[in-house]
Amino acid sequence: GLNLGGDAHQKSLRLAHIYVGLDTKTPQAPRKGKAETRAEWRLVHEAKANRSALDVLFDPQARRVVLVGEPGSGKSTFLQYVTLCLADRLCVDQDAPSHLARLKVPDTLRRQRVLPLRVMLRDFAPSFDAGKAGTSQDVEAFLLKLLAEQNHADAVRSLPGLLKRGLAF
């Protein structure tokens, strides 16, 4: 139903305009300090109580998040959306206009002030030694090499400090 013929009055569709939130099968955590009643337990453990991918991704209690799903289930689109929203937030912090100002961006994303760094596994995997256990230093080395190859010297100097201070995601 989309006119792809280049109608001058037709606006192009952008990810931020059409993105639909992604839910996980991660149950809601029980409320702290209270014993769960039977009804609360049911809410926590039934599908209706599952958490959004955004809530899981930015859960301060989570040390690692692994997003798995069938092909086409929205994993890559979710990460593209998160990257877009985080980058837009940084632009606004630098006094640039927001590209998402008129859109309803979830508060979970609006509160974040971190540099989004998206690493594609298909690009990272060839640089990785499969004979050893991987670490976050391997990812950092990959990013630094990539930035150096693209002549981003300032980013190469800044990235380690941003990562150490928790300002890169």
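Can you go through A53, A130 and tell me which one is surrounded by 16 or more Cβ atoms within 10 Å (Cβ to Cβ) and among the small types (G, A, S)?
After ruling out the rest, the residue left standing is A53.
Among R118, R63, which is modelled with pLDDT under 90 and in contact with a helix residue (DSSP H, G or I) (Cβ under 9 Å, 6 or more places away or on another chain)?
Among R118, R63, only R118 is modelled with pLDDT under 90 and in contact with a helix residue (DSSP H, G or I) (Cβ under 9 Å, 6 or more places away or on another chain).
Given (1) in a helix (DSSP H, G or I); (2) touching a residue at least 24 places away in the same chain (Cβ under 8 Å); (3) over 17 Å from the mean Cα position of the chain (by Cα), where does H99 come up short, assuming only one miss?
Single failed check for H99: (1).
Among the candidates K145, K164, single out the residue that is under 24 Å from R113 (Cβ atoms), open to solvent by 60 Å² or more (accessible area, probe 1.4 Å), of a type in the set (D, E, K, R) and modelled with pLDDT of 85 or more.
Matching residue, one of K145, K164: K164.
Name the single residue that is nearest to the chain's Cα centre (by Cα) among those in the range 102-139 being among the aliphatic types (A, V, I, L, M) and assigned to a helix (DSSP H, G or I).
L109
Check P71 against each of (1) closer than 27 Å to K25 by Cα; (2) open to solvent by 80 Å² or more (accessible area, probe 1.4 Å); (3) modelled with pLDDT under 85 and name the one condition it does not meet.
(3)
The values are calculated or read from the model by the stated rules, or taken from the named source; none is laboratory data. All figures in this text were calculated on a predicted structure; none of them were measured in a lab. Every residue, glycine as well, gets a Cβ built from its backbone with ideal geometry; the counts of neighbours run over all protein chains shown. Ligands, DNA and RNA are excluded from the accessible area calculation, which covers all protein heavy atoms including side chains. Shrake-Rupley method; radii C 1.70, N 1.55, O 1.52, S 1.80 Å.
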